[in-house]
Amino acid sequence: MKRFQNKTIHVISLLFLALCLVGQQEHEDEQQRQSDRHRNRWQWQMPIRVMDEIGVKEGMTVADVGAGDGYFTFHLAERVGNSGKVLASDIDNRALQVIRDRCEEKGIQNISVILGKENDPLIPHNSVDIILMVNVIHLIENPSDYLKKLGQNLKPDGYLAIVQWDAEKMDSESTGWDADDRTKYTLRTNLRNIYDGDFEVVQIKDFLPMQLIYICQPSKSK
């Protein structure tokens, strides 16, 4: 009986070890998938050049609106340095928790996380030099009303940088492109949303392979 119990314990131990190894492998596989995604995005998103082109500098306060889990947030935080600040706003609290956890793990202190609303990012008024929105404006139900709120968040010389999918580029570059959604990403749609939101486009940058960057300032005629 004792020998049988020992064998049973041995079998259970082996099963437990096997489960642990499987769990570790799954964790390592997920880390690799995340690493591959970030590496692939680095190639087409060009975050460093984007920050260069939109003028992010040390000491600035920058709002990352639609921050998600912080892909741009941490690039921005490194660029603005300890004398600057990044406000990461999103409506997805689970995604924002990824930012909170990483800030705690890495001891990052120049990022503030804001749980926004669907119609308001809850950025303090007159508080930021640049607002950055990456691949998010098409997800907003009333983009013009949303942009009007953003205009109140900018400092007097502040501006808005919208990085957005471009329909014509996606036609040729993306195999998973849904043509039914094409209208959302056309130049005409984006310009209409921007101007209806009391902004005007001062420059369009065209170097990204699948996106355009719209540099916008509050409309002088409003």
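With an 8 Å cut-off on Cα pairs and a minimum separation of 6 or more residues, tell me the relative contact order of segment 46-218 in percent. Over segment 46-218, the number comes to 18 percent.
Using bins of 5 Å that start at zero, the share of Cα-Cα pairs per bin across segment 78-121 amounts to 6, 22, 27, 24, 14, 6, 1, in whole %.
Restricting the calculation to Cα atoms, segment 38-135 yields a radius of gyration followed by a Dmax of 12.5, 36 Å. A simple packing score, the average count of other Cβ atoms within 10 Å per residue, orders the peptides 193-205, 93-105 as 193-205, 93-105, with the highest score first. Pairs with C-alpha atoms separated by more than 24 Å, drawn from the list 117/184; 148/169; 57/169; 85/155; 148/184, are 148/169; 57/169. Along the Cα→Cβ direction, 7 angstrom out, place labels at residue 127 and residue 92. What is the inter-label distance in nm? So the two model labels end up 2.3 nm from each other.
In summary, the convex hull built on the alpha carbon positions of segment 46-218 has an orientation-averaged projected area of 9.5 nm². Per the Kirkwood formula applied to alpha carbons, segment 96-172 shows a radius of gyration over Rh ratio, Rg over Rh, of 1.03.
Just so you know, all these numbers are worked out from the coordinates, no wet-lab data involved. On a predicted model such as this, the values are computed, not experimentally measured, just so you know. When we count neighbours, we look across all protein chains shown, and the Cβ atoms used for this are built from the backbone with ideal geometry, even at glycine.
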